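Chemist: Take a look at the following structure, please.
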Amino acid sequence: MRKKKMFIPIVVIIPIIILLVFLMNIRGTEADQTVYNVDISTSPSNGFLIADNLAPGDKKTSVLKISNNGNLDFNYTVSSRQESGDLNLYNQIQLSIYDGQGKLYEGPLNGLSQFALGTIAKTDSRDLTFTAQLPLYVGNDAQGKTTSVAFDFTAIGHEEEIPTDGCFEPPFSNRNYTMQQKSTTPIKFHLRDSDGNLDVTQHQNVKLIISGSGIKTTSGSYIFSPADGTLKFPENIDEPHYQVRFSTWDYPVVSGNTYSANVYVEENLVCKKDFIVLDNGNRSNAP
């Protein structure tokens, strides 16, 4: 007997992209008359992911371009919220987000809450690929249901001056930062000399070491350095900085554990940041 695939017409509409633009108060001298602003835009500006007549197991993929139109590099985050429709359907949809370098997020659509997506330099842009999937386990109770969802993007500009009492950059430097399983966290930091200037004289001797319980490597930690290419120093941004895309797929960590990120120059500890790993999202990542 030939089995037929159960077909449940579902409509998932994501019609709105809400842009939150923040003006920055920059610490500077009286001679600096520059007006600094943060300006983020998307293309398309709305309705970028519309999925109708989905059966369990079906997917819908769309690409969204995020552009930095301001004169500051910015960090940006995304949150989801239901606007209307069936809440149970909204809670069951799974979402993945990729950029040109790999996976950023994989998990429930309702799990996006100020989720850090990385940095975009001024006048630059990023293409993000969003895939929404209706799981196979969705039953008849979802038949004929609809839900409308909005994605809220928030951009926060880099300050002109990076504080010298710590080297990590937002969003990783934010207070009570928590990392989410099935995600990629951008970890960025600056190194400065005694005059506050960028210091790259020790470039090949810089290391970022992440340590904590449950890391199954020979050293018991994850080590990143410019020497092996795991610690990047891109110069196409307004102020070059070291950065690592710390992915929990590539570097497994244990939910509920606390880990420590340590920056070393040779054997000297320059700065340190502790963070917790959670299953259900990074909901305490306020600036």
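The values are calculated or read from the model by the stated rules, or taken from the named source; none is laboratory data. This is a predicted model, so every value here is computed, not measured. Here the Cβ positions follow ideal geometry from the backbone for every residue, glycine too, while neighbour counts run over all protein chains shown. Note: areas computed on protein heavy atoms with side chains; ligands, DNA, RNA excluded. Shrake-Rupley method; radii C 1.70, N 1.55, O 1.52, S 1.80 Å.
Chemist: Would a scan of the range 228-238 turn up a residue that is over 20 Å from the mean Cα position of the chain (by Cα), open to solvent by 20 Å² or more (accessible area, probe 1.4 Å) and not small (Gly, Ala, Ser)?
Modeler: Scanning the range 228-238 turns up at least one residue that is over 20 Å from the mean Cα position of the chain (by Cα), open to solvent by 20 Å² or more (accessible area, probe 1.4 Å) and not small (Gly, Ala, Ser).
Chemist: Let me ask another. Surrounded by fewer than 21 Cβ atoms within 10 Å (Cβ to Cβ) and either at pLDDT 85 or above or not polar (S, T, N, Q) (or both): which single residue out of 115, 172, 130 fits that description?
Modeler: When all the criteria are applied, what remains is 130.
Chemist: Answer yes or no as to whether residue 120 is in contact with a Leu (Cβ under 7 Å, 6 or more places away or on another chain), within 27 Å of residue 251 (Cα to Cα) and modelled with pLDDT of 80 or more.
Modeler: When the stated conditions are applied, residue 120 does not pass them.
Chemist: If I ask for residues that are open to solvent by less than 10 Å² (accessible area, probe 1.4 Å) and either more than 30 Å from residue 145 (Cα to Cα) or at pLDDT 85 or above (or both), which ones from the range 36-69 would you list?
Modeler: Matches in the range 36-69: 38, 40, 64, 66, 68.
Chemist: Please work out if residue 201 is more than 26 Å from residue 107 (Cβ to Cβ), open to solvent by 60 Å² or more (accessible area, probe 1.4 Å), part of a loop (DSSP other than H, G, I, E, B) and modelled with pLDDT of 85 or more.
Modeler: So residue 201 fails the test.
Chemist: Being open to solvent by 20 Å² or more (accessible area, probe 1.4 Å), of a type in the set (S, T, N, Q) and free of Cβ contacts under 8 Å to residues at least 12 places away in the same chain: is that true of residue 268 here?
Modeler: yes
Chemist: For the range 185-198: of the residues being open to solvent by 10 Å² or more (accessible area, probe 1.4 Å) and in a strand (DSSP E or B), which is modelled with the lowest pLDDT?
Modeler: Applying the filter and picking the extreme gives 198.
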